[in-house]
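The structure under discussion appears below in the form of structure tokens.
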Amino acid sequence: MDHDSVIIRCDRCGTKNRVPKARLNQGPVCGKCRSPLPVGKDIDRPVDITDSTFAGEVLSAPVPVLVDCWAPWCGPCRMVGPVLEELAREYAGRIKVAKLNVDQNPQTAGRYGIRSIPTMLLFKGGLLVDTMLGAIPKQEIERRIRPLV
């Protein structure tokens, strides 16, 4: 596993491309179809999602997605935040970390039965494959995402 590169899926042909992190700002192109790769997003940071962006950011993602269901007033949620930022950096290009504020996005929270926070949902190929409840340690989160990357 190369921690100095990221996997970026080509929007045109769907090919997965391994790109060194040092070359992300040099306009990398797909190795198969030579189209520019989508690198404008901060792939090494959690992305904020909403009810309206959930399907595009999570269900259609080319990589597994770890969704943190949280609220700003939740102390345990604030404890988990820095851990998820670390995971986003360490697994950049291999997993996407997303944050869903349940107070502002009740539709998605209701759809997935979020009753307590923090709750982390793990998706692969648009399907919910695992649920983690509470402020669990980084090692446990990694143990659950590692088989998917």
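Computed from the coordinates by the stated procedures, all read-outs in this text should not be read as laboratory data. These figures come from a predicted structure and were not determined experimentally. For neighbour counting, all protein chains shown are included, and Cβ atoms are generated from backbone atoms with ideal geometry for every residue, glycine included.
Backbone amide hydrogens, once placed in the peptide plane, bring Lys99 within less than 5 Å of Val47, Asp48, Ile49, Asp68, excluding anything fewer than 5 places away on its chain. Taking a straight line from the alpha carbon of Lys32, these lysines sit under 28 Å away, with near neighbours fewer than eight places off in the same chain left out: Lys16, Lys21, Lys41, Lys96, Lys124.
With runs of 4+ DSSP H residues as the only contributors, calculate the mean residue ellipticity of the chain at 222 nm using -39,500 (n - 2.57) per run, divided by the residue total and rounded to the nearest 500.
Working: 3 runs with 30 residues, N = 149.
Result for the chain: -6000 deg cm²/dmol, rounded to the nearest 500.
For the range 47-148, what is the percent of antiparallel DSSP beta bridges, rounded to the nearest 5? Roughly 55 percent of the DSSP beta bridges within the range 47-148 come out antiparallel.
How high is the relative contact order of the range 47-148, in percent, with contacts defined as C-alpha pairs under 8 Å that are six or more residues apart?
Details: 159 pairs, mean separation 38.1, N = 102.
Computed over the range 47-148, the figure is 37 percent.
When only the Cβ of Lys, Arg, Asp and Glu is charged (+1, +1, -1, -1), the dipole of the range 1-40 relative to its Cα centre reaches about 160 debye.
With only Lys, Arg, Asp and Glu charged, each at its Cβ (+1 for the first two, -1 for the last two), find how big the charge dipole of the range 15-149 is about the Cα centre; round to the nearest 20 debye.
Details: 20 positive and 13 negative charges, 136 e Å.
That gives a dipole near 660 debye.
Oblate is the label for the range 1-40. Its Cα gyration tensor axes, ordered a ≥ b ≥ c, give a/c of at least 1.5 and b/c at or above a/b.
With all distinct Cα pairs included, what does the Kirkwood hydrodynamic radius of the chain come out to in Å, to one decimal, could you say?
Roughly 15.8 Å, rounded to one decimal.
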